[in-house]
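The values are calculated or read from the model by the stated rules, or taken from the named source; none is laboratory data. Given the structure is predicted, the values throughout are model-derived calculations rather than measurements. Positions of Cβ are generated from backbone atoms using ideal geometry, with glycine treated the same way; all protein chains shown enter the neighbour counts.
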Amino acid sequence: MKSANIQLETLVCPSCTQKIDGALKSLDGIKEDTLKISFATSKVRFDFDEEAVRIEDIEKAINKVGFEVIKSRVK
Amino acid sequence: MQRFIFRNKNKIALINGILIALAFIIRWTAGYMEIFTGLLVAASILGLIPIALQAYQALRVKVVSIDVLVTMAVGGAFAIRNFEESAIVTFLFLFGAYLEQRTLNKTRSAIKALTEMAPETAWKLMDDGEFEEIDIDDVDEGDTLLVKTGAKVPVDGRVLSGEGSINEASITGESIPVAKEAGSGVFAGTLLDNGTLQIVADRVGEDTTFGKIIELVEEAQESKSEAERFIDRFSKYYTPAILLVAILVFLFTRNVELAVTILVLGCPGALVIGVPVSNVAGIGNGASHGVLLKGSEVIRDFSRLDTMIFDKTGTLTQGKPSVAEVQSYGDGIDEARVFLASIERESDHPLALAVLDEIGETDYLEVTDTHVVKGGGITASVGGCRVIVGNQALMTEEGVPLSEQVREDMRRLERSGHSLVLTAVDGELKLLMGIRDPIRPGVADDLESLKKLGVKNLVMLSGDNQGTVDAISSELGLTRAYGHMLPEDKSAYVKDLIGQGEIVAFVGDGVNDSPSLALAHIGIAMGSGTEVAIETSDVVLMNSDFSRLPHALGLVKATSRNMIQNIVIAVGVVLALLASLIFGEWMNMSIGMLVHEGSILVVILNGMRLLRYKLRPSYRLGSRE
């Protein structure tokens, strides 16, 4: 289990967080109860199982709903 | 392709706007209706591309977003060949989003300034014995790092070698540089003013004190009040509900115009964004003024405060006792001072330091036959004389006569809150020292400001004797003051007030007062960035700076007001729009979109006012900042 901290472009619309939430929850391997999407700081934090899903795929899923990933850190 | 469209959303909005402007110019000057319509169709299609794409992405993850409503509305307008409206709505929506992003970035700038103080690189000692600059994320605990003059300390750690002075303002708020040498602790985010240090990393990244402060501020902005949680739940069902209403209206009336207008009017906007914007701006203002507010619940409670309780020592007073007055009797005084200093030099009593400070540098004599009388003082032999240092009880016990003049001086000093140290040499009283813990400069003015801001009761609780407590209380104009209070008495008092339905804040130093800090609705720690203070309290005054309190209270009150204003604006706009749709003739989807985007901007701009918030001069007393 690893934890990720992803900095996104500035989130503007109120439904942004809903979209990202939906996109990430549709992936396997992300611990849903650790998922925190911060509207004010445009950051996403969650724990994930690196054997079930790669961080690149997670980033791609976020891109697909229309948001740029600026920096992602995995620990 | 998709990324290209999103990256160029602003350009699309611009071209879209130019096309619309061109269309209207041609219509009014030349009157070519075909060109006018053609340009508007082009503008509508161009503008719809990014919106429809966002709508599609939202629907794919089962979210009915604003984009979905707008896409359907534009599609509907297209279907009834109302290209004027479809073009204008896409432009307003895109342009509004652009303005929102610009202004929202501003509200978040205060936090950004804080996070940008975080170090980004570090010089790490590599296996070959050379230092190499690496990214801060690659630093591990136990690494040896080099910090050069003018650089930021990258981690929390200890100095291995070297000397230097560090400005720790980012952690403690104290900008006077602190000297560091081998063994000293250093904090991430502080600045090495001069010197060069080699340090070993104990804590890195988010585990450092600075990292925790940032995390705390970020989390505070995210924490949601009950009202916000309600709005969140509400908007989740609200948007699909609007969609449903629009479809029903269309099915029953077959009036596309009306259905699409409902779609646009129903866009949730100001309501969803209004409260978080106030929160973010308020907490951001606090962070840049040395006041950490832990979230919106804190803001709500703090703004409705009834009673503020203060710990005395270290909060209202400086926590450093010093000699305020010296009275001497008879001759041989200089000799007596040397005796006193020689004895106090060997004592670890808290008042001894104050006495030594007062006497200053002197030649110390050998002290023999030292005898410590518990709760009384010390007797000893110095320079062939028998010397007694202590309180009145000890003097009486040792048979030292106290003249009427001495008794008079003692009564006066005790009444004004001094602790007394008497010195007798060979059975004769020579010195009387009044020691007191001075009140922090400016505290009286700050308390007055708090009263003006609407705090009903100012209460002081102290473990000190009632005489001292009363003296300080009357000097500061407190409502009530109690002495002889142990930490558990203090928390019992807090509990009692809460039981009476008051909203209570406790201001203390975070360590020994933590039960009271935790019990009170708002625990305010005068922490110099210590971890305990940061974690146990709801509000942290970063630099232990008491004068931040009035700013903090004024700020939370302003933030609360701001939130209410935003909710009123948002709800008012929705009601006005609905009313005009039902009762008015002039409402259409372009006007609806204009008002909708306008109201979002109004609440953001209103929230932004908090960034510039400063305590009004009428609340600020004295000349201090």
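Quick notes on this structure:
- Take the conditions (1) assigned to a helix (DSSP H, G or I); (2) more than 7 Å from chain B (Cβ to nearest Cβ); (3) touching a residue at least 40 places away in the same chain (Cβ under 8 Å); A:Leu11 misses just one of them, which is (1).
- Sole exception among (1) closer than 30 Å to B:Met308 by Cα; (2) modelled with pLDDT of 90 or more; (3) of a type in the set (Ser, Thr, Tyr) for B:Ser419, by number: (2)
- Selection of segment A:30-75 for residues being in a loop (DSSP other than H, G, I, E, B), buried (at least 16 other Cβ atoms within 10 Å of the Cβ) and more than 12 Å from every other protein chain (Cβ to nearest Cβ) yields A:Leu35, A:Val53.
- Considering the conditions (1) touching a Phe, Trp or Tyr at 6+ places or on another chain (Cβ under 9 Å); (2) modelled with pLDDT under 90; (3) under 22 Å from B:Gly477 (Cα atoms), B:Lys452 is excluded by exactly one of them, (2).
- Meets criteria (touching a residue at least 40 places away in the same chain (Cβ under 8 Å), within 43 Å of the chain's Cα centre (by Cα) and farther than 30 Å from B:Ser514 by Cβ) for B:Ala336: no
- Test: residue in segment B:136-143 that is touching a Pro at 6+ places or on another chain (Cβ under 8 Å), in a helix (DSSP H, G or I) and within 14 Å of chain A (Cβ to nearest Cβ): yes
- Looking only at segment B:1-33, and only at residues there that are modelled with pLDDT under 85 and surrounded by 13 or more Cβ atoms within 10 Å (Cβ to Cβ), the one that is farthest from the other protein chains (Cβ to nearest Cβ): B:Tyr32
- The number of residues in segment B:36-64 that are at the interface with chain A (Cβ under 9 Å from one of its Cβ atoms) and buried (at least 23 other Cβ atoms within 10 Å of the Cβ) comes to 4.
- B:Val260 vs. criteria away from chain A (no Cβ under 14 Å), in contact (Cβ under 8 Å) with a residue 40 or more places away in the chain, in contact with a helix residue (DSSP H, G or I) (Cβ under 7 Å, 6 or more places away or on another chain) and within 23 Å of B:Leu92 (Cβ to Cβ): yes
- When B:Ile343, B:Ile359 are checked against the criterion of being out of contact with any strand residue (DSSP E or B) (no Cβ under 7 Å at 6 or more places or on another chain), within 30 Å of B:Gly314 (Cβ to Cβ) and not assigned by TED's automatic domain parsing to the domain that holds B:Tyr482, B:Ile359 stands alone in meeting it.
- Residues that are at pLDDT below 85 and either crowded, with 21+ Cβ neighbours inside 10 Å or of a type in the set (Val, Ile, Thr) (or both) number at least 1 in the following helices (runs of 4 or more DSSP H) confined to segment B:462-544: B:466-476, B:514-519, B:531-536.
- The residues in segment B:579-618 that are part of a loop (DSSP other than H, G, I, E, B), in contact (Cβ under 8 Å) with a residue 40 or more places away in the chain and over 20 Å from B:Glu84 (Cβ atoms) can be counted, and the count is 5.
One line per residue, one yes/no per condition, for (1) touching a Cys at 6+ places or on another chain (Cβ under 8 Å); (2) closer than 29 Å to B:Pro276 by Cα:
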site	(1), (2)
B:Ile26	no, no
B:Phe36	no, no
B:Val41	no, no
B:Leu48	no, yes
B:Ala58	no, yes
B:Ser65	yes, yes
B:Gly76	no, no
B:Phe91	no, yes
B:Leu94	no, yes
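- For segment B:73-98, a residue qualifies if it is touching a Leu at 6+ places or on another chain (Cβ under 6 Å) and aliphatic (A, V, I, L, M), and the qualifying residues are B:Ala73, B:Val74, B:Ala87, B:Leu92.
- Matching residues, segment B:324-334, being farther than 11 Å from B:Thr362 by Cα and charged (D, E, K, R): B:Glu325, B:Asp331
- Here segment A:5-39 is the region considered, the condition is being in contact with a Phe, Trp or Tyr (Cβ under 6 Å, 6 or more places away or on another chain) and among the aliphatic types (A, V, I, L, M), and the residue that is nearest to A:Ile58 (Cα to Cα) is A:Ile30.
- B:Ile299, sole failed condition from (1) at pLDDT below 90; (2) more than 25 Å from B:His418 (Cβ to Cβ); (3) surrounded by fewer than 19 Cβ atoms within 10 Å (Cβ to Cβ): (3)
- When segment B:277-326 is filtered for residues that are assigned to a helix (DSSP H, G or I), in contact with a helix residue (DSSP H, G or I) (Cβ under 7 Å, 6 or more places away or on another chain) and aliphatic (A, V, I, L, M), the ones remaining, listed by number, are B:Val277, B:Val280, B:Ala281, B:Ile283, B:Ala287, B:Ile299, B:Leu316.
- In segment B:225-243, residue nearest to the chain's Cα centre (by Cα) [restricted to those that are at pLDDT below 75 and more than 10 Å from chain A (Cβ to nearest Cβ)]: B:Ser225
- Number of the exception - B:Phe95 against (1) touching a residue at least 40 places away in the same chain (Cβ under 8 Å); (2) part of a strand (DSSP E or B); (3) out of contact with any Pro (no Cβ under 9 Å at 6 or more places or on another chain); (4) not hydroxyl-bearing (Ser, Thr, Tyr): (2)
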